[in-house]
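Trainee: Before anything else, here's the structure in question.
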Amino acid sequence: MSALEKIKRNGGLIGIITNGKGQFQMDNIQALGIDKYTDTILISEWEGVKKPNPEIFKKALRRLDVSAEQSIFVGDHPKKDVKAAQCIGMKTIWKKDYQWSNNVKADFIINDLGEIPQIINRLNSASYS
């Protein structure tokens, strides 16, 4: 079972925020088959704003009807993803990308997207402690 399937099965909401050309990015998302797991997709060209602008993150939170504090942002870019999401109060997971140095200051650092459900479970357990 994929990480996305596990998150959805456990009642999680999933949004995608991506920079780029609208139809090109949507075609990629659909080709990967991940659109069926998402509750909202924000593509910078269609939204008129792109990462790292906090407004695109805030739009996603509004569409999902969740607060930044209830959310986790997963990304591979240290500034456009991790730092930008942290600036609005989201927890962050950096998917290691070896073109960047290892001193990325994320809440969690992963090598594989399959690690995400375990992190969510750990955070949920901690919030009930």
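Trainee: Once the piece of chain linking residue 124 and residue 35 is laid out straight, how much longer is it, given 0.36 nm per residue of separation minus the C-alpha distance between them?
Mentor: Residue separation times 0.36 nm, minus the Cα-Cα distance, leaves 29.6 nm.
Trainee: Hey, could you get me the Stokes-Einstein D for region 29-119, Kirkwood radius over alpha-carbon pairs, 37 °C and 0.692 mPa s, rounded to whole µm² s⁻¹?
Mentor: Answer from the Stokes-Einstein relation: 237 µm²/s.
Trainee: Listing 82, 66, 74, 104 from the residue with the fewest other Cβ atoms within 10 Å to the one with the most, what is the order?
Mentor: 66, 104, 74, 82
Trainee: Sort 108, 24, 57 by Cβ crowding within 10 Å, fewest neighbours at the top.
Mentor: Starting with the residue having the fewest Cβ neighbours, the order is 24, 108, 57.
Trainee: At 0.36 nm per residue, and after removing the present C-alpha to C-alpha distance, how many nm does the segment from residue 58 to residue 70 gain when stretched out fully?
Mentor: 3.1 nm
Trainee: Roughly how many nanometres apart are two label points built 7 Å out from the Cα toward the Cβ at residue 24 and residue 109?
Mentor: The answer from the label model is 3.1 nm.
None of the figures in this text is laboratory data; all of them are computed from the coordinates on show. As the structure is a prediction and not an experimental result, all values here were calculated from the model. Note that we place each Cβ from the backbone using ideal geometry, even for glycine, and neighbour counts take in every protein chain shown.
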